[in-house]
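Written out below as structure tokens is the structure these notes cover.
The values are calculated or read from the model by the stated rules, or taken from the named source; none is laboratory data. Remember, predicted model here, so these are calculated numbers, not experimental data. Neighbour counts are summed over all protein chains in view; Cβ atoms, including those assigned to glycine, are modelled from backbone coordinates with ideal geometry.
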Amino acid sequence: MTQYDYDLFVIGAGSGGVRAARISAGYGPRVAIAEEHRIGGTCVIRGCVPKKILVYAGRFADDFEDARGFGWSLDAPRFDWPALIAAKDKEIARLEKIYLSGLSAARVEVIEDRATVSGPNAVQLAGSGRTVTAGKILVATGGKPMLGKPIPGLKHVITSNEAFDLKRLPERIIVAGGGYIAIEFAGIFSRLGSQTTLVYRGDKVLRGFDEDLRDRLTEAYTKRGIRIVTGHIFTRIEKTAAGLTGHLSDGTTLSADAIMFAVGRAPNTAGLGLDTAGVELGPNGRVVVNGYSKSSVDSIFAVGDVTDRAALTPVAIREGHAFADTEFGSTPRMIEHTLIPTAVFSTPEIASVGLPEHQARERCADVHVYKAAFRPLKATLSGREERMLMKLIVDGESDKVVGCHVLGEDAAEIIQMAAIALRLGATKADFDATMALHPTAAEEFVTLREKWMAPTEAAG
């Protein structure tokens, strides 16, 4: 491996790239990693971590309100957006230093420059103009926000990238989209005090999730004052003296101080030189890879969102680690992209693992559904009207639990543990035999006894 400058060159220092670089270097190879922005990538710098910080900030509005029901007398709270953003920036800077120190400890060379692929074993550095060679190249450049089809005035919108650094909290904001990011930011802005409207082209938000979660979250958001407009898209956006005016496909208009587009993300491969190096790219520019993250070129690999397999940070980390073990640790490993728990950090939040009901009915001959909707104990004194939902999907032939879904407080925490049970193949009988922990919301999962019947089944 001495004929090259490096044994491994990683392009992109996000979660997947950093893990791959550190673990690979631990096996002895000479490793370099290049990043054109900040170390940490989307999740740490402009994604999961800062988003969750803003979610927590928004939820304090509920906490202050609920406290009165438990005997607390509070002065009217006041929210300071610049103070929140400053605190968020401080935490992100701390995490970035941790990533850098981890790479340094592993003896990985960090190159703060834009890197592009110029051949099967060559990388061009834009800033210095230098070309370096590597035995293997790993692409871990993540994803980037999409804006959809070009429309007049599109330059006036922001994406999730800019939303984290707004100088002030918009009094009125419109969020376009119906997926994770759109739903989460609509909840954030609403809870922090912005008049919030969500515009989505489909008939129902959160496509792909269990229908009960979709319906109940829509109901909860509406009760919280978030206006949801479905079945329409923006046709143009104009800047006015009063802010922005968005024109919808039905001819109506909406006015706001800011319009955020969260209509999807695409693999960040544009201009990387992958096509000229012979790397096969799929829809949206994703890098086509096999189970070991190898592209159509033997020396070029890819992990994380850039492959569009499962665009989640823990998946990118696992893929990066498996790549290092396979290529440098003499331990071939593939990552299974099944039974991946996922959450939407809305308020109330939702989380799932396994199959939603509609998919279970397509794949299983006999499906049993168990669910409970109830008012959590905390709400009995706070007076809050929100209800929780717990839902289990069971394969009637094997008795295996194939889907688990929660809407409500700490949904993600509950589902993380439920994912272990599903991965081990737990049956409904196993859930029933597990002792309840009382009083908790999660105990519903081990006390559900009566099957729910759809109206058509009941009629039959």
Checklist line | Test result for ILE173, over 30 Å from ARG19 (Cβ atoms), not acidic (Asp, Glu) and not in a loop (DSSP other than H, G, I, E, B) | finding: yes
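Of the residues ALA311, ALA242, which is more than 26 Å from the chain's Cα centre (by Cα) and modelled with pLDDT under 95? Working first, answer last.
Working: ALA311 fails: more than 26 Å from the chain's Cα centre (by Cα).
Within the list ALA311, ALA242, the selection yields ALA242.
With the condition being of a type in the set (A, V, I, L, M) and not assigned by TED's automatic domain parsing to the domain that holds ARG68, I'd like the helices (runs of 4 or more DSSP H) fully within region 351-460 carrying at least 3 qualifying residues. Step through it out loud before you land on a result.
Values: elements: 357-363, 377-382, 411-423, 428-433, 455-459.
The helices (runs of 4 or more DSSP H) meeting that bar are 377-382, 411-423.
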Item checked: Criterion violated by HIS321 - all others in (1) surrounded by 19 or more Cβ atoms within 10 Å (Cβ to Cβ); (2) at pLDDT below 95; (3) over 16 Å from the mean Cα position of the chain (by Cα); (4) of a type outside the set (Val, Ile, Thr) satisfied -> (2)
Notebook entry, point to check: Does LEU95 satisfy being surrounded by 16 or more Cβ atoms within 10 Å (Cβ to Cβ), of a type in the set (A, V, I, L, M, F, W, C) and either over 15 Å from ILE188 (Cβ atoms) or in the same structural domain as ILE188 (by TED's automatic domain parsing) (or both)?
Noted result: yes
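Which of the residues spanning region 336-346 are buried (at least 20 other Cβ atoms within 10 Å of the Cβ) and either modelled with pLDDT under 95 or touching a strand residue (DSSP E or B) at 6+ places or on another chain (Cβ under 6 Å) (or both)? Explain how you work it out, then say what you get.
Taking region 336-346 and keeping what is buried (at least 20 other Cβ atoms within 10 Å of the Cβ), we get 341, 343-346.
Those that are buried (at least 20 other Cβ atoms within 10 Å of the Cβ) and either modelled with pLDDT under 95 or touching a strand residue (DSSP E or B) at 6+ places or on another chain (Cβ under 6 Å) (or both): PRO341, ALA343, VAL344.
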Check: In region 136-187, which residue that is charged (D, E, K, R) and crowded, with 22+ Cβ neighbours inside 10 Å is nearest to the chain's Cα centre (by Cα)?
Finding: GLU184
Check: Pick from region 9-65 the residues that are of a type in the set (Val, Ile, Thr) and in a helix (DSSP H, G or I): which of them is nearest to ALA76 (Cα to Cα)?
Finding: VAL55
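Inside region 209-327, counting only strands (runs of 3 or more DSSP E) that do not spill past its ends, which hold 1 or more residues that are at negative phi and in contact with a Lys or Arg (Cβ under 6 Å, 6 or more places away or on another chain)?
Passing ranges, in order: 243-248, 253-256, 265-267, 300-302.
Results for (1) among the small types (Gly, Ala, Ser); (2) touching a His at 6+ places or on another chain (Cβ under 7 Å); (3) free of Cβ contacts under 8 Å to residues at least 24 places away in the same chain; (4) on the phi > 0 side of the Ramachandran plot, shown as yes or no for each residue.
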site: ALA13; (1), (2), (3), (4): yes, no, no, no
site: ARG19; (1), (2), (3), (4): no, yes, no, no
site: VAL49; (1), (2), (3), (4): no, no, no, no
site: LEU54; (1), (2), (3), (4): no, no, no, no
site: ALA57; (1), (2), (3), (4): yes, no, no, no
